[in-house]
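Enquirer: Please read through the structure below; I'll follow up with questions.
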Amino acid sequence: MAERILIIEDEIKIADFLRRGLAYEGYKVEVTHDGETGLKSARDNAPDLVILDVMLPGLNGLEVAQRLREGGETPILMLTAKDTVSDKVKGFESGADDYLVKPFAFEELLARVKALLRRNKAADQTTFRFSDLSLDTGTREVSRAGRKIDLTTKEFDLLHFFIMHPRQVLSRELIYDRIWGYDFGGESNILEVYIRYLRSKLEAQNEVRLIQTVRGVGYALREE
């Protein structure tokens with residue numbers, strides 16, 4: 001069965017360009033031109049992936065992403081004409097999984113679409129464990145000593161990356177590349193923000209710290 005892609009884009013030429021290109025690649029494509037209609041469409045019949053423009057009439061793309069993320073895990077590829085670090089950070093914090101700046105080559109968009117769809121396929125339900133921490137990639141459930149922990153998509157992805165590489169020191173550059181697809185360098189503290197979010201949830205009942213800071217390098221999942 002063809003995978004379904006919902007495009008939410010108010011620029012008719014771009015929307016039609018994407019629709020034709022993705023349909024040619026074998027995807028089932030639906031197009032909406034404003035945030036409210038796109039959000040309703042996604043909620044009524046959840047697609048396999050959403051391509052979402054930031055600048056939309058009415059409900060903007062950041063708001064749509066936030067609302068979509070509240071109700072599910074559908075991958076979101078965000079499109080925007082803005083290329084500043086702060087704009088990218090806002091996009092990721094709203095719930096986007098990837099970020100593409102206009103103008104872009106269709107080949108690059110297609111590669112990102114395929115990568116997001118691959119990542120989202122519920123392949124093997126694998127449970128990872130470290131100390132008293134448990135993470136299930138099939139159900140996307142996380143618990144610590146039996147206590148269920150609710151994580152956002154990016155928090156889950158970050159913790160998943162750590163638990164797949166226990167006791168290894170992971171550099172900031174590597175984490176940015178694997179989780180966000182960008183190296184923000186010294187321009188952003190988004191990684192530190194997410195580490196703080198994760199720690200607050202993992203240590204909510206005064207559990208011992210598992211995500212350790214390795215000064216000048218990055219972070220490691222290991223016991224003190």
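The values are calculated or read from the model by the stated rules, or taken from the named source; none is laboratory data. Please read these numbers as outputs of a predicted model, since none were measured by experiment. Cβ atoms come from the backbone with ideal geometry, glycine included; neighbour counts cover every protein chain shown.
Enquirer: Of all residues in the stretch 160-172, count the ones that are part of a helix (DSSP H, G or I) and touching a residue at least 40 places away in the same chain (Cβ under 8 Å).
Expert: Within the stretch 160-172, residues that are part of a helix (DSSP H, G or I) and touching a residue at least 40 places away in the same chain (Cβ under 8 Å) number 3.
Enquirer: Here is a further query. For the stretch 40-49, give me each residue that is assigned to a helix (DSSP H, G or I) and either surrounded by 15 or more Cβ atoms within 10 Å (Cβ to Cβ) or not assigned by TED's automatic domain parsing to the domain that holds residue 104 (or both).
Expert: Scanning the stretch 40-49 gives 41, 42.
Enquirer: Against the definition (surrounded by 13 or more Cβ atoms within 10 Å (Cβ to Cβ) and modelled with pLDDT under 90), how does residue 173 come out, yes or no?
Expert: So residue 173 passes the test.
Enquirer: On to the next question. Would you confirm whether or not the stretch 22-34 contains a residue that is among the aromatic types (Phe, Trp, Tyr) and within 19 Å of residue 81 (Cβ to Cβ)?
Expert: Checked against the condition, which is being among the aromatic types (Phe, Trp, Tyr) and within 19 Å of residue 81 (Cβ to Cβ), the stretch 22-34 yields no hits at all.
Enquirer: Just wondering, is there one or more residues in the stretch 176-183 that are in a helix (DSSP H, G or I), modelled with pLDDT of 90 or more and closer than 21 Å to residue 126 by Cβ?
Expert: no
Enquirer: Among the residues that make up the stretch 25-39, is at least one of them in contact (Cβ under 8 Å) with a residue 24 or more places away in the chain, under 19 Å from residue 153 (Cβ atoms) and not assigned by TED's automatic domain parsing to the domain that holds residue 191?
Expert: Within the stretch 25-39, one or more residues are in contact (Cβ under 8 Å) with a residue 24 or more places away in the chain, under 19 Å from residue 153 (Cβ atoms) and not assigned by TED's automatic domain parsing to the domain that holds residue 191.
Enquirer: Hey, another quick one. Could you tell me which of the residues 63, 93, 73 is more than 21 Å from residue 117 (Cα to Cα) and modelled with pLDDT under 95?
Expert: 63
Enquirer: Right, something else. Does residue 110 count as of a type in the set (A, V, I, L, M), over 13 Å from the mean Cα position of the chain (by Cα), modelled with pLDDT of 80 or more and within 16 Å of residue 63 (Cα to Cα)?
Expert: no
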